[in-house]
Structure formats: structure tokens, C-alpha cells
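What follows is calculated from the coordinates using simple rules that are stated; it is not laboratory data. Note that the structure is predicted; figures quoted are calculated from it, not measured. All Cβ positions, glycine included, derive from the backbone under ideal geometry; neighbour counts span all protein chains shown.
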Amino acid sequence: MPTDTSTTTPPPTTGYRALLRNREFAGLYAGFTLTVAASTLSGFALGTLVNDQTRSPFLTAVSMYGATFATVLGALTLMSVADGSRPRRTLVVLQCISLAGVAAQAIPGLPLAARFALLLLLGFFQSLGTGTRMGLLAEILPATAYAPARSLMNITSGGTAVLGYAMGAALLRWLTPQGLFATAAALTGIGLAVVATTVRERSVRLTRRPGLRRTWRTNAELFSHPGGRALLLNLWVPNGLIVGCEALFISYAPEHAGVFLAAGSAGMLLGDLAVGRFLSAAQRRRHAFALRLLLAVPYLLFAFHPHVLVAAAAVFVSGAGFAATLPLQEQLLELTPDPVRGQVQGVESAGRMTWQGIGAAIAGGLAGHLTPAIAITALAAVSVVVTVVSRPSVLRARSVRTE
């Protein structure tokens, strides 16, 4: 897309307030926020219901986070729909499917097998929705505004998740889990209406019909390029391993796990705010490697069983390192041709969520044979190794050969 290089035209403002003055972005952002809130409430409701019926910690954990494993199925099969000729219509349809699925969870007496099937189905379609939403985001905003927009969405996602769990716990005093599902369905419906009335139709200029073959071809071209692989590796694996560290907080120090989780969330919010709002694109790129190291290095202190305040400070500092995703996502967007931006961003998001689940599973397995402190240290060390070893490939990344 040609750009105006006139010296009389000021550069576009990319502050959060300026972003929200863009009607389409505001609608997409509001719909995203409501979707996150609904997903958090429905996950809390399902986890509560499964725990009440089974008293199984494993099934309860799977019910709350199992949808992340279904996202990879969307990335591997139909993610090319994110780049269809009518992305707004696609997003609206996917939102309708999510609404139907969440509403179905509110049916009293629904068997657990059916609930888990709905959970996986919703995870699958939500991954397609994420790809479509990110493709639209890249169309609605100029490239210079993409990282601040993702920063704002990341901050909102974390804050909404925290508030959603708190709200879910409070609402359960007056509502049943089915009532929480109904509330989540209402939020999903409102988000659907907001997107439908604010976002206009756009063409992502896909020259071929989306489908399974198109998805596989684009994914194969993406993963065949060393630069694309390096970016995705750094977006997925270090983050997932550190999420595995966080998954061991309860096992490491049950009485302080809440403090650690809060510290990590606070650090993540502050990091996204500082990196996305106050650093330029060049500065974000320059500090990306340091941020990836910052994500993991503080957890090496857990090998020495530090005082709770020192450990909480380490977790807080590490949380700021999650902001490394912003420059990496920005770079991936720059290297991706317009016709497949939605699919590539969707694959990135789905892989990142899946690796968070994998990281938690690896952490649990290691902690079963080692101590939680050693497992946390080992995961952090591997994260550092992956970041350092892959750095030359990230620096050499020039193009992602997808068409």
C-alpha cells in the first residue's frame, strides 16, 4: 500500500486514546474484550461444575484450560478462512457459533462428555476467530499502530481474565454454574452485536478459495522458511516454558502462590504498557532479545529457594519479559504478505496458546520426578537456551514465503 511521504502530513497517532477513536478498532476491541470476559466466566463455570461432579483435579484443570489444545486444530485445518474475501462476515459467523456453544453449556443436566465436546469445539472455532480478528486488525490500522494495538489488547486480556475470575467467584454466591454460562452467553451476544455494527467489510485479497488445502499450503510455506520458523519458535517455546513455571507456583509454595501469580500479572501488564506505548518500533526491535532473556533469567533464582519477597520480585520482573511478543509479532506481520496475514497471525496465536498448555504439562511431569524448584529452574534454563540459540536465525529473518 503506498504511503504519503509529504512533510506536511503528521505521522499517525498511535496512543491508546487515538486508537480507540477509530470506530472500527474500538468495535473490534470491545468485541474482543467481551469475548475474553465470556470465555473466562464460562471456563470458571465449567471448572466449578466439573469439580463438583467429579472431584478430580485433572479433569477440573482440563475443563478450564483444555480449549487451548483445540486451537492448534484450527491452525492446522481451516485457518485460511481468516483471509477470506469477507472477513467481517466470517468473524460474525464464528461469533454466532461461539454464542450457540456457550448457550448450550447453560443447559441443565448436560452430560460431561457433551460439555467437553463443546469445549473443544469452541476452542477450535475461537482459534479461527482470533486469526480473522488479527487479520482485520492489520487491515483497519496502519502498520505503525499494530504493536500499540496488540499491546492494548494484551493488557486488556490479562486484566479482563483476572476480573473475570473474581467476578465468577462473586457471582457464584447468587448464581449456579448454569447461570454463569448464561451470563457468558449474554456477553458473547453483546460482543457479536458490537462487531456487527461497527466493523465494515474488507477484502484481504485472497486469490484462492480458503479451505484445508490452502491452509496446509500456507502453513508449509511458512514453516519452510528459517526466518518464519525462528520467529514462531521464539513466540511459542520460551513463553510456554515460563507459563509452565507459573503452573508450579501452587506446588512450590501453596501459601504464597497467589502473591506470585499477582506479581506475574502485574509485571506482564506493566511490560506490555511500557513496550507497546512508550517505545518506538525500532526500540522494540532493538530490545526484543533482552526482553526474551528477561522472561526466563529471573526464574533461575528459584534454584536457591529465595525469600518470598525476592521470589515475587523475580516473578514480577519476568512478567515484564512477556512484552517480547510485541516486537516479534510486529516483525512477523511485516514479513507476511497481505493475503495471508490473518492465517499467519492465527497460527501464531494458536501455537502460543498450545505451547502454554504444553509448558504446564511438561512442568507437572518434571515436578513429579524432581522438586518444583528444580523443575522451575530447568524450564527457565531451557527457555534461555532456546532464545540464545535461535537469535541468529531471528536476526537473519528477511521474508516469509507465503503467497
Notebook entry, point to check: Considering only W174, P226, A147, whose Cα is most displaced toward the positive end of the charge dipole of the range 127-231, charges sitting on Cβ of Lys, Arg (+1) and Asp, Glu (-1)?
Noted result: P226
Next item on the list: Starting from the Cα of A303, step 7 Å toward the Cβ, then list every residue of the range 377-398 with an amide N under 11 Å from that point.
Entry: 377-382
Next item on the list: Counting helices only, and only those DSSP H runs with n ≥ 4, report the 222 nm mean residue ellipticity of the chain as the sum of -39,500 (n - 2.57) divided by its residues, in deg cm²/dmol to the nearest 500.
Entry: -25500 deg cm²/dmol
Next item on the list: Mind checking which of A360, Y252, A37 is farthest towards the positive end of the chain's charge dipole, using Cβ charges of +1 (Lys, Arg) and -1 (Asp, Glu) about the Cα centre?
Entry: A37
Notebook entry, point to check: If r is the Cβ-Cβ distance from A193 to S224 and R0 is 35 Å, what FRET efficiency results, to the nearest 0.05?
Noted result: 0.25
Next item on the list: Evaluate Rg over Rh across the chain, taking Cα atoms for both radii and Kirkwood's formula for Rh.
Entry: 0.96
Check: Given charges of +1 on the Cβ of Lys and Arg and -1 on the Cβ of Asp and Glu, with all other atoms neutral, how large is the dipole of the range 225-403 about its Cα centre, in debye to the nearest 20?
Finding: 560
Margin query: Quick check: from the Cα gyration tensor, does the range 177-305 come out rounded (a/c under 1.5), prolate or oblate?
Written below: oblate
Item checked: Protection proxy ranking, peptides 383-389, 92-98, 251-257, average beta carbon neighbours within 10 Å, highest first -> 92-98, 383-389, 251-257
Item checked: the range 12-210, dipole about Cα centre (Lys/Arg Cβ +1, Asp/Glu Cβ -1), debye to the nearest 20 -> 480
Check: Between S393 and A282, what is the FRET efficiency for a Förster distance of 30 Å, r being their Cβ-Cβ separation, to the nearest 0.05?
Finding: 0.90
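What full-extension length gain, to one decimal in nm, is calculated for T144 and L120 as 0.36 nm per residue of separation minus the Cα-Cα distance?
So the chain would gain 5.1 nm between T144 and L120.
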Next item on the list: Work out, step by step, the length gained on full extension between Q178 and R213: first 0.36 nm times the residue separation, then minus their alpha carbon distance; give nm to one decimal.
Entry: 8.7 nm
